[in-house]
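Each remark here refers to the structure printed beneath this line.
The values are calculated or read from the model by the stated rules, or taken from the named source; none is laboratory data. No experiment lies behind these values; they were computed from the predicted model shown. In this analysis, Cβ positions are derived from the backbone assuming ideal geometry, glycine residues included, and neighbour counts consider all displayed protein chains. Remember, those area values only see protein heavy atoms, side chains included, never the ligands or the DNA or RNA. Shrake-Rupley method; radii C 1.70, N 1.55, O 1.52, S 1.80 Å.
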Amino acid sequence: MQIFSLHNHSNLSDGRDSVMDIVLHAKSIGLDAIGISDHFYFIQNQTSIIQKQIGVSEDFYSKDTYAAHKRIRDYVNSIRRVAESVDVKVFVGAEWSVPYNPSNFHFSVMKQIKKDFGFDYIIGSIHAVDDVYVGTNNEITKSYDFHRKYWQTFSLLASDVFDIAGHFDVINISGHNRQREFEPEIDNALNLIKKAGKIVEINTAYCVEESYWFIDKVARLGIPVIISSDAHKKEDICHNFNKAEKELHNRFDNICLITKVETLDRVFTGKRR
């Protein structure tokens, strides 16, 4: 079996290690392929808490379009240079947040950037609801309205901008798992994701026992899943992969688990350079 890992962050955003260090570590632990998926936030204002947290950000309304594109080009090229110097398959990816109150304009810009710079895949994630960071543990993030809007927003990951619906259970950082209260919103999102042919990420950085209620729905719909570790340091690449894979196979007979590079090529057919 050829094992790969796609959700990894380098020091080009909020990760600790360089792209080269990540790739060499991936080779040392026996991976046949590795993906770099650093953060880009498509946001509508300069005061966003997210923009302050992550160094790699782009603002739709920036007048300095050349500078914005240069940063993206530098990111893509830096990964490709490493890829050319090693005997491990390296994918050029990114993790893009769903913008706050996105319009068709926002998604069209994201789609064009994805095409122009030849990304192999894009992980779509929700990091904030309105201007409140999902990872904050307070009364707002525990509230019914916050969780409801999170699951309503999750349906936007069915957009053709994204290939993978990222870390669905990051919302549980709030310390209050209430996903069962939003079954209609979750069912709607998953049906749209299935119809759009997307992949759901099982993120070992967040996956807990309560996550399997959601995963069960994914399995029943026949939506393919991918195991990711959301590594921000090289030692966390493939963290808990074996445990996650065992849990999935023990629970579901009909789950489509993407663990082989050949399967990845099939899923992203037509997107190889």
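Label-to-label distance for Gln152 and Arg16 is 3.9 nm, based on points extended 7 Å past Cα in the beta-carbon direction. For the listed peptides 27-33, 147-153, a ranking on the average number of other beta carbons within 10 Å per residue, highest first, reads 147-153, 27-33. Heavy-atom accessible area with a 1.4 Å probe sorts Val109, Val88, largest first, into Val109, Val88.
First check a/c for region 154-252, with a ≥ b ≥ c the square roots of the eigenvalues of its C-alpha gyration tensor; if it is under 1.5, answer rounded, and if not, answer prolate when a/b is larger than b/c or oblate otherwise. Here region 154-252 falls in the rounded category.
For region 115-206, relative contact order (Cα pairs under 8 Å, six or more residues apart, normalised by length) works out to 35 percent. Hull volume per residue, based on the alpha-carbon atoms of region 140-197 and their convex hull, is 69 Å³. Distance from the alpha carbon centroid of region 118-147 to that of region 158-178 works out to 8 angstrom. Ordering Leu157, Leu192 by accessible surface, largest first, gives Leu192, Leu157; the 1.4 Å probe counts only protein heavy atoms, with every chain in place. As a rough guide to protection, the peptides 199-208, 218-227, 111-120 ranked by mean Cβ packing within 10 Å, highest first, stand as 199-208, 218-227, 111-120.
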